[in-house]
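The values are calculated or read from the model by the stated rules, or taken from the named source; none is laboratory data. Note that the structure is a prediction, hence the values are computed from the model and not measured. Because the Cβ atoms are built from the backbone with ideal geometry, glycine has one as well, and the counts that use them run over all protein chains shown.
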């Protein structure tokens, strides 16, 4: 762990502690690159099924460059280019795209694809699948679509207690990749308590970036009085970061960008923490930092905790066009 003082501490200024890792994960970088490279390769417009990632700034930037975001395959003209978002899609969506003769580029995060493959494996074994997550989230919609007749979604310990299954000896569980580590451990523990024969994935489904950012926020709570999390309201992993801070006893706010900052939140605060969800770009963190300087938080410190060097390969149809894209 390294703690770096950027601007000095002798001026009596209020302190902003920015924690790493934060912001874009490898799956988000890959998804955004895919849309940008598809626009270069095929021209405008490129259609995207659902928001490519859950961040308003990113979606608005891509929309200005020629991306059109749709929720239904029927909105896409026959033969057009369609990108599947990082959250994945159910098989029926793939079938619909094929029927419309769309040129599909898959930006599903490889860690989400892993969960889809695990769901198929358990379904083929004849197991009922207990999927832990938020039932309306696109990732859960996609994963549950692999075996809808065999899948039950739970989002809390209380919902586990209400579960009714045909055969308690033929169960498996999987999780959404962007959940709270703490909440998920509680739910899995109750599943194992109720159904001792239940089986799970060979390795944890909660992705490395979600875990790292939650652990970083937990460490940050020991340094500051208040934490700002940069991220959109519909970003699961960003909301979980707020929950991690609050669970540790530190106030936290989810902000879309620097315009969301309310001066009243900062009254009496001398040490403020800052992080960003896995779909929030660094430019927003910089803008927030600048605005906070205007509120007197001019002493900036970096809390560097976990080095991330994960990279995912691009789909073969775009790999040859890969170039460094600034994020």
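A few notes on this one:
- For the range 172-181, the criterion of being assigned by TED's automatic domain parsing to the domain that holds residue 149, in contact (Cβ under 8 Å) with a residue 24 or more places away in the chain and part of a helix (DSSP H, G or I) is met by at least one residue.
- Qualifying residue in the range 38-47 (condition: under 11 Å from residue 298 (Cα atoms), touching a helix residue (DSSP H, G or I) at 6+ places or on another chain (Cβ under 9 Å), at pLDDT 95 or above and surrounded by 11 or more Cβ atoms within 10 Å (Cβ to Cβ)): no
- Restricting the first member to the range 288-311 and to residues that are over 10 Å from residue 17 (Cα atoms), and the second to residues that are part of a helix (DSSP H, G or I) and at pLDDT 95 or above, the beta-carbon pairs closer than 6 Å and six or more apart or on different chains are 288/258; 291/258; 295/266; 305/216; 305/219; 306/212; 310/26; 311/26.
- Residues of the range 63-79 that are in contact with a helix residue (DSSP H, G or I) (Cβ under 9 Å, 6 or more places away or on another chain) and assigned to a loop (DSSP other than H, G, I, E, B): 66, 72, 76.
- Within the range 202-222, restricting attention to residues that are more than 18 Å from the chain's Cα centre (by Cα) and either outside the structural domain of residue 274 (by TED's automatic domain parsing) or part of a loop (DSSP other than H, G, I, E, B) (or both), the residue that is surrounded by the most Cβ atoms within 10 Å (Cβ to Cβ) is 221.
- Meets criteria (over 28 Å from residue 62 (Cβ atoms) and part of a loop (DSSP other than H, G, I, E, B)) for residue 273: no
- Filtered residues of the range 103-148 (kept if surrounded by fewer than 17 Cβ atoms within 10 Å (Cβ to Cβ), more than 19 Å from the chain's Cα centre (by Cα) and not in a helix (DSSP H, G or I)): 103, 125, 126
- Test: residue 288 is surrounded by 19 or more Cβ atoms within 10 Å (Cβ to Cβ) and within 17 Å of residue 214 (Cα to Cα): no
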